[in-house]
Amino acid sequence: MTTDFDALARPEIRALTPYASARALADSAGILLNANENPFPSPGDPGQGLNRYPEPQPPVLRRRLAEMYEVDEDRLLITRGSDEGIDLLIRVFCAPGDPVLVMPPCFGMYALSAQVQGATVVEAPLVEQEGDFEPPADLVERAAGCKIAFLCSPNNPTGNTLTPELVDSVCRAMDGRGLVVVDEAYVEFQAAPSFTRRMRRHGNLVVLRTLSKAHSLAGCRLGSVIADPAVIGLLRRIIAPYPLPTPTVNTALSALTPDALAAQAKSLATLADEKQRLVESLRKTDWISAMWPGEANFVLVRVPDAAALIEAAADAGIRLRNQSAQPGLDNCVRISVGAPAENDALIEFLGRWRPANQRTETPP
């Protein structure tokens, strides 16, 4: 079935006239007297022309990202991190009351953005079994009636991945009725290819990518929505006029040169080795009752008292993330893989810390 994305979008979005910024109406060549900019650079400007508004979707960066993700340029929208992509998709396609599917435990912004829009959150909780987390058996049925289904692979915070066959099934069930959004924030840490390869067979499949994780640019806030060109066109109707700061664009372009990507590949190899070292150490920690290594740059563990561990680690200068508030993750802690020296400090701390019920009191 061919999806009519205009029909899926909110009528208010279809009816509005998008704002046309000065840069959208004319390029930045010539004498610029069309955008009410200050012609004099700021004393704090390091020579980047920050007195001028940036391109709304910088062509050079868009082309580079499309090449890297192996997609057509008209299928890609650059956003302020994946968070903005999630928000745009919900605001364009979901009216109050429309159902949005999430698979907890997962990234909290899917449900939060849906709730802000007044959409109804439909949960399809992951099931813990045989040392891993799996989608529920009725995932396809739960997704079938939803406007958007958010799937994350590898998932945060459990690290589990989704099979192509399952994603295909969800796409077919929602074909013509809704979007299937696969968040691939951690895809570079897994061996399997991106789901962008399946977009030609599923017009309603949307993929989110980011430079925050594997590319070490969390502070730049730069992500991408990859989707059918009609979906991208609808998102562009409501995206901010100038979403991408000039320093962010310049930094991203510098980080995506062949030399920079080669250096980044070495850092990813180091992270993989460090993760294996951390996992081996965690397996030897007798008070850890369960561990999920997953396929991302973190490890999830279950401990006797997550709050106590978090507090003690903080006292030692180490910040860990308590995941106990997530469904099914009581007393679970997520540990990001750090640099070798940081992992050394963590391993040393875990080797000497004991839960309260295992501590030996020194007699008076």
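No lab work stands behind these numbers, since they all come straight from the coordinates. All figures in this text were calculated on a predicted structure; none of them were measured in a lab. No Cβ is skipped: glycine too gets one built from the backbone with ideal geometry, and neighbour counts run over all protein chains shown.
Highest-first packing order for the peptide set 34-41, 160-167, 67-74, 103-110 is 103-110, 160-167, 67-74, 34-41, based on the mean count of other beta carbon atoms within 10 Å. Helix 340-352 axis versus longest C-alpha principal axis of the chain: approximately 40°, rounded to the nearest ten.
The residue among Leu112, Val60, Asn343 whose Cα reaches farthest toward the positive pole of the charge dipole of the chain, with charges on the beta-carbon of Lys, Arg, Asp and Glu, is Val60. Against the chain, whose longest principal axis comes from its Cα atoms, helix 81-93 is set at around 60 degrees. What you get for the range 108-246, charging only the Cβ of Lys and Arg (+1) and of Asp and Glu (-1), is a dipole of about 840 debye around the Cα centre.
Shown in residue order for the range 276-289 are the 3J(HN,Hα) couplings computed by the Karplus curve 6.51 cos²θ - 1.76 cosθ + 1.60 at θ = phi - 60°: 4, 5, 5, 4, 4, 5, 5, 5, 8, 7, 5, 8, 7, 8 Hz (x for Gly and Pro). Once backbone amide H atoms are built at 1.01 Å from N, Asp132 has no partners under 5 Å, excluding neighbours fewer than 5 places away on the same chain. With a/c under 1.5 counting as rounded, go ahead and sort the chain into rounded, prolate or oblate using the C-alpha gyration tensor (a ≥ b ≥ c being the square roots of the eigenvalues; past the cut-off, prolate if a/b is larger than b/c, else oblate). Since a/c reaches 1.5 but b/c is at least a/b, the shape of the chain is classed as oblate. Each Cα pair under 8 Å and six or more residues apart adds its sequence gap; the mean of these over the residue count of the chain is a relative contact order of 17 percent. Close amide H pairs (under 5 Å, H built 1.01 Å from N) link Leu179 with Ile148, Ala149, residues at least 5 positions away or on another chain. Within the range 242-346, the trypsin sites (Lys or Arg not before Pro) that combine a DSSP coil assignment with at most 14 other C-beta atoms in a 10 angstrom radius are Lys284, Arg319.
Can you give the charge dipole size of the chain about its Cα centre, rounded to the nearest 20 debye, using +1 on the beta carbon of Lys and Arg and -1 on the beta carbon of Asp and Glu? Dipole size: approximately 540 debye. Distance between the C-alpha centers of the range 7-72 and the range 119-164? Whole Å please. Spelled out, the Cα-based centre of one part sits 36 Å from the other.
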